[in-house]
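Have a look at the structure below before the remarks.
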Amino acid sequence: MIIGTAGHIDHGKTSLVKALTGIDTDRLKEEKERGITVDLGFAYQPGADGSVLGFVDVPGHERLIRNMLAGATGIDHVLLVVAADDGPMPQTREHLAILDLLGLARGVVALTKADLVSGERLAQATAEVRALLAPTALADADVLPVSCVTGQGMEALARHLAQARAEPDPARERGHFRLAVDRSFSLPGIGTVVTGTAASGRVAVGDRLVVSPGGRAVRVRGLHAQNRRADTGRAGERLALNLAGVDKGEVARGDWIVAEPAHAPTQRIEGRIRVLASEAKPLAHWTPLHLHLGAADVGARIVLLEGGAIAPGASAWVQLELDRPIAALRGDRFILRDQSALRTVGGGSVADAFAPPARRHKRERLDVLAALAQPNPADALAALLALAPPNGVDFTRFVTQCNLLQGDAQALAQAVPHRAIHAGATTLAFAPRQIDQLGARLAEVLAAHHRRAPDSPGLTVEVLHRALATKAAARPGAAVFALLLGELIRAGSLRRSGPYLSLAGHEASLQGADLKLWERLQPWLAEGGWNHPPKLTDMLARDRTLHREAVTRLLNKAARMGKVVAVGPEYFILASHLCELAVQAQALAQADEHRRLNVKTYRERTGISRHLSLPLVEFFDHIGFTKRDPEGRKIRRDANEMFGHDAQG
């Protein structure tokens with residue numbers, strides 16, 4: 001367990017730690033000369049059961065709050081130090097505000113220098129401390145008068161800390177390993193060493209980790225846990241990691257050492273913040289601030305997601321746009337200080353570590369953040385699914401947000417009812433009813449079209465997608481819609497015929513004279529293969545008894561049925577041949593340096609005629625397969641998904 005000191009300068013934090021552990025945490029020459037703590041200090045106290053209690057001693061000077069914040073990550077228990085003769089002072093209040101914003105609710109107050117004051121003053125100082133603690137999470141903390149000189153109260157303080165050590169927090173050991181770096185240095189013959197408090201998970205010698213947000217891969221060559229050589233370390237311990245694969249200058253205070261699945265840099269986070277009641281004016285939109293998260297200090301701008309400003313003492317949902325990427329995950333606590341780094345403004349916790357660009361006052365976004373803020377991942381996921389987002393919940397990203405191990409992610413997927421759609425390495429989760437409703441809407445649209453046009457083969461993907469939008473429900477994104485169509489086709493409820501989609505039971509067929517004429521034309525359409533389809537004029541020239549009007553009417557009907565596709569007034573191409581032409585176009589675009597389809601290259605590589613190439617690519621533009629831009633034509637959809645292999649001939 002880690003005990004973190006807090007309190008005003010010269011109130012005896014370092015002396016108290018030395019009295020408890022026998023270790024002087026002032027290690028720097030400047031600290032020895034000036035008699036004050038400048039940077040973080042560390043001490044360790046072995047217990048009778050073999051466990052080790054770690055102390056992080058932080059500076060109390062107002063100019064060194066940045067260093068104090070670097071040591072606050074990973075603290076389990078607060079040791080707030082207040083001198084009995086002075087009572088609460090400015091940095092007492094600021095440190096306490098920071099601890100409260102960080103959500104630290106376990107702790108004790110050491111009322112130092114008790115031997116220097118009268119009993120009356122001691123009672124008065126205790127009352128002052130109690131009043132200060134009352135509105136915070138430490139309201140019920142013990143207040144123990146102590147003296148490092150006479151030993152008064154030291155035994156009671158030691159007992160309190162021993163009892164706290166017996167109450168570990170096993171939840172912190174779950175999740176992938178994360179350690180916020182507060183020191184980085186190099187030792188002769190050893191190499192790069194980083195120290196910090198493990199925020200979650202476990203680590204062992206030989207593990208391969210990542211320096212985040214930079215992304216440098218490293219290996220743990222050796223480690224010390226609670227100032228002892230060890231093979232493993234876990235959350236809640238002070239660790240020193242000897243890292244292979246990185247130089248001292250490539251990792252610094254503010255970085256994180258994490259397991260690879262927890263490496264997810266971000267430059268935009270959202271959360272609910274509380275502005276301290278001591279602020280003189282409301283916090284306005286786009287105010288520049290310093291964000292402290294872990295041991296990092298990064299510039300940020302505040303984007304209000306509700307209201308016009310946040311009044312002192314009030315809370316609100318905000319987005320924070322950061323000057324540079326940091327490592328952050330859902331639930332991480334942060335502190336906000338003013339642009340000059342002179343005072344603490346407020347703080348909060350991360351609800352969404354991978355926030356989209358802000359759209360102010362959007363009710364839907366606030367609902368998403370309220371769902372993400374649920375402490376339990378299962379409750380948060382269930383609340384997100386209940387919102388029925390059109391593109392589902394990115395389950396893969398959610399697992400990263402919550403820092404879940406693979407087994408915990410699988411248990412979560414089993415515990416929360418949902419339907420999953422897989423898109424490469426990403427899994428999208430939908431509420432079961434949402435997918436059923438979307439499938440039902442899709443079926444209704446197609447059924448209505450079949451009733452209106454019984455000889456039509458169905459609707460194209462583009463038309464069907466647009467038709468799904470209603471006043472009550474937004475249509476899903478194109479990628480999600482394509483994945484859904486794939487599932488429905490595989491399930492057999494939908495059927496693809498060239499570029500058209502229809503319900504599985506729908507059949508559009510030719511009858512009588514139309515069927516006889518089709519049987520004459522079909523072999524001519526097929527004999528040239530996919531790259532030499534005949535022109536309408538050429539087919540009419542083969543049999544002078546054919547009339548252009550009758551043939552054109554029949555081919556247009558066949559086009560509506562999906563047997564052929566009308567590409568300009570002269571070309572009717574079999575659906576299977578059109579699919580191959582689209583596949584060839586996609587392959588050429590992928591091979592192009594600009595990833596664009598060039599018409600001249602397309603014509604030369606496929607052997608299609610000049611008369612066909614132009615109406616064909618214009619047809620591709622019209623149906624949304626390609627989109628023309630200054631560099632050529634960009635492929636917008638996968639050819640096989642759009643035109644299908646099961647096209648009828």
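The values are calculated or read from the model by the stated rules, or taken from the named source; none is laboratory data. Predicted model only: the values in this text are computed from it and were never measured. Ideal geometry is used to build each Cβ from the backbone, glycine not excepted, and the neighbour counts take in all protein chains shown. We work out accessible area using only protein heavy atoms, side chains counted, and drop any ligands, DNA or RNA first. Shrake-Rupley method; radii C 1.70, N 1.55, O 1.52, S 1.80 Å.
How would you rank 547-559, 96-108, highest first, on the average number of other Cβ atoms within 10 Å across their residues? Spell out each step's value before the answer.
On the way: 547-559: 15.9, 96-108: 20.7.
Highest to lowest by the protection proxy: 96-108, 547-559.
About the Cα centre of the chain, how large is the charge dipole given +1 on each Lys and Arg Cβ and -1 on each Asp and Glu Cβ? Please answer in debye to the nearest 20. Don't jump to the answer; show the numbers that get you there.
Working: 79 positive and 70 negative charges, 456 e Å.
Dipole size: approximately 2200 debye.
When you count, for each residue, the other Cβ atoms within 10 Å and take the mean per peptide, how do 524-534, 565-575 rank with the highest first?
By packing density, highest mean first, the sequence is 565-575, 524-534.
Count the net charge of all other residues whose Cβ sits under 13 Å from the Cβ of VAL210, scoring Lys and Arg as +1 and Asp and Glu as -1. Don't skip to the answer; put the middle values down first.
Details: positive: ARG178, ARG208, ARG216, ARG219; negative: ASP207, GLU250, ASP255, GLU260.
Summing Lys/Arg as +1 and Asp/Glu as -1 gives 0.
So what's the angle, to the nearest 10 degrees on a 0 to 90 scale, between helix 377-386 and the longest Cα principal axis of the chain?
Taking Cα atoms only, the helix is inclined about 40 degrees.
For GLN152, which sequence-distant residues (separation of 5 or more, or a different chain) have an amide H within less than 5 Å of its own amide H, given hydrogens modelled in the peptide plane?
Close amide H contacts, sequence-distant or interchain: SER147.
Tilt of helix 432-452 relative to the longest C-alpha principal axis of the chain, in degrees (0 to 90, nearest 10)?
20
Report the label-to-label distance for ARG272 and ALA204 in nanometres (one decimal), using points 7 Å from each Cα along the Cα→Cβ vector.
The two pseudo-label positions are separated by 4.0 nm.
List the trypsin sites (Lys or Arg not before Pro) in the stretch 460-526 that DSSP assigns to loop (not H, G, I, E or B) and whose Cβ has at most 12 other Cβ atoms within 10 Å. Which are they?
On the way: sites: ARG466, LYS471, ARG490, ARG495, ARG496, LYS516, ARG520; in loops: LYS471.
Filter output for the stretch 460-526: LYS471.
For the stretch 466-559, what does the accessible surface come to per residue with a 1.4 Å probe? Please give it in Å². Please report the intermediate quantities before stating the final value.
Values: 5030 Å² over 94 residues.
Here the residues of the stretch 466-559 average 53 Å² of exposed surface.
Just the accessible area for PHE42, please: 1.4 Å probe, Å², rounded to the nearest 10?
In the full protein context, PHE42 sits at about 30 Å².
Looking at the square roots a ≥ b ≥ c of the eigenvalues of the Cα gyration tensor of the stretch 298-437, which shape do they give, rounded for a/c under 1.5, prolate if a/b is larger than b/c, or oblate? Walk me through the intermediate numbers first.
Working: a/c = 2.34, a/b = 1.82, b/c = 1.28.
Prolate.
I'd like to compare 75-85, 114-124: which one has the highest average count of other Cβ atoms within 10 Å, and what's the full order after that?
Taking the mean over residues of other Cβ atoms within 10 Å, the ranking is 75-85, 114-124.
Roll a 1.4 Å probe over the protein chains and send me the accessible area per residue for the stretch 354-394 in Å².
Working: 2200 Å² over 41 residues.
Ligands and nucleic acids excluded, the figure is 54 Å² per residue.
How big is the charge dipole of the stretch 586-649 about its Cα centre, in debye rounded to the nearest 20, if each Lys and Arg gets +1 on its Cβ and each Asp and Glu gets -1 on its Cβ? The partial results should precede the final answer.
On the way: 12 positive and 10 negative charges, 43 e Å.
Computed charge dipole of the stretch 586-649: roughly 200 debye.
Please tell me the relative contact order of the chain in percent, rounded to the nearest whole number, where contacts are Cα pairs under 8 Å and at least six residues apart. The partial results should precede the final answer.
Values: 1310 pairs, mean separation 49.4, N = 649.
This gives 8 percent for the chain.
Using 7 Å Cα-to-Cβ label points, what is the ALA314/ALA370 separation (nm, one decimal)?
1.8
Going 7 Å from the Cα of ASP436 along its beta-carbon direction, which residues of the stretch 373-396 have the amide nitrogen within less than 20 Å of the resulting point?
382-393
For a quick check of understanding: with a 1.4 angstrom probe and all protein chains in place, what accessible area in square angstrom does ASP352 have, to the nearest ten?
Probe radius 1.4 Å; accessible area of ASP352 about 10 Å².
Report, by chain and number, residues whose modeled amide H sits under 5 Å from the one on ARG475, excluding near sequence neighbours (fewer than 5 apart, same chain).
For ARG475, whose amide H was placed from the backbone, the distant partners under 5 Å are THR470.
How large is the dipole of the stretch 374-506 about the Cα centre if only Lys and Arg carry +1 and Asp and Glu carry -1, each at its Cβ, rounded to the nearest 20 debye? Write down the numbers at each step before the final one.
Numbers: 12 positive and 8 negative charges, 92 e Å.
Once rounded to the nearest 20, the dipole reads 440 debye.
Given the options SER493, ALA479, HIS506, identify the residue whose Cα lies farthest towards the positive end of the charge dipole of the stretch 460-542 (+1 on Cβ of Lys, Arg; -1 on Cβ of Asp, Glu).
ALA479
Heavy atoms only, probe 1.4 angstrom, no DNA, RNA or ligands counted: give me VAL303, VAL445 ranked by accessible area, highest first. Display every interim value, and only then the final one.
Details: VAL303 10, VAL445 35 Å².
Result of the area sort, largest leading: VAL445, VAL303.
Specify the inter-centroid distance of the stretch 237-284 and the stretch 529-588, based on alpha-carbon positions, in whole Å.
62
Using the Karplus curve 6.51 cos²θ - 1.76 cosθ + 1.60 with θ = phi - 60°, what ³J(HN,Hα) values do you get for each residue of the stretch 619-624, in whole Hz, with x for Gly and Pro?
Taking θ as phi minus 60°, the curve returns 5, 4, 4, 4, 8, x Hz for the stretch 619-624.
Please list, in chain and number order, the residues 5+ apart from TRP256 or on another chain whose amide H is under 5 Å from its amide H, with Hs placed from the backbone.
VAL181, SER212
Would you kindly derive the ³J(HN,Hα) couplings of the stretch 593-609 from the backbone phi angles with the Karplus curve 6.51 cos²θ - 1.76 cosθ + 1.60 (θ = phi - 60°), listing them in order in whole Hz, with x for Gly and Pro?
In residue order, the calculated couplings are 5, 9, 6, 10, 8, 9, 5, 4, 5, 4, 5, 5, 6, 9, x, 6, 6 Hz.
Testing the spin-label approximation: label points 7 Å from Cα along Cα→Cβ at ARG548 and ASP247. State their distance in nm.
7.8
Nearest 10 degrees, 0 to 90: what angle lies between the long axis of helix 478-491 and the longest principal axis of the chain (Cα atoms)?
60
Among the trypsin sites (Lys or Arg not before Pro) in the stretch 267-374, which ones are in a DSSP loop with at most 13 other Cβ atoms within 10 Å of the Cβ? Mind listing them? Before the final figure, lay out the partial values.
On the way: sites: ARG268, ARG272, ARG274, ARG301, ARG330, ARG333, ARG337, ARG343, ARG359, ARG360, LYS362, ARG363, ARG365; in loops: ARG330, ARG343, ARG359, ARG360, LYS362.
Answer in residue order: ARG359, ARG360, LYS362.
Going by the alpha-carbon gyration tensor, a ≥ b ≥ c the square roots of its eigenvalues, is the stretch 158-280 rounded (a/c under 1.5) or, if a/c is not under 1.5, prolate (a/b greater than b/c) versus oblate? All intermediate terms of the calculation are to be shown ahead of the outcome.
Details: a/c = 1.74, a/b = 1.17, b/c = 1.48.
Here the stretch 158-280 falls in the oblate category.
Could you tell me the relative contact order of the stretch 555-649? Use alpha-carbon pairs under 8 Å, at least six residues apart, and round to a whole percent. Working shown, then result.
Values: 117 pairs, mean separation 31.4, N = 95.
Normalised by residue count, the contact order of the stretch 555-649 is 33 percent.
When only C-alpha pairs under 8 Å and at least 6 residues apart count, what is the relative contact order of the stretch 258-378, in percent?
On the way: 268 pairs, mean separation 39.1, N = 121.
Result for the stretch 258-378 is 32 percent.
Taking the Cα centre of the stretch 552-643 as the origin and placing charges on Cβ (Lys, Arg +1; Asp, Glu -1), which of VAL565, LEU614, ALA587 is farthest toward the positive end of the dipole?
VAL565
When ligands, DNA and RNA are left out and all protein chains stay put, how many square angstrom of accessible area per residue does the stretch 92-182 have with a 1.4 Å probe?
Numbers: 4110 Å² over 91 residues.
The answer is 45 Å² per residue.
I'd like the carbon and sulfur percentage of the solvent accessible area for the chain, probe radius 1.4 Å, heavy atoms only, ligands and nucleic acids excluded.
Details: 14610 of 29150 Å².
It is 50 percent, rounded to a whole number.
Given the chain, what percent of its DSSP beta bridges are antiparallel, to the nearest 5? Let's see the in-between values first.
Details: 104 of 121 bridges.
About 85 percent, rounded to the nearest 5.
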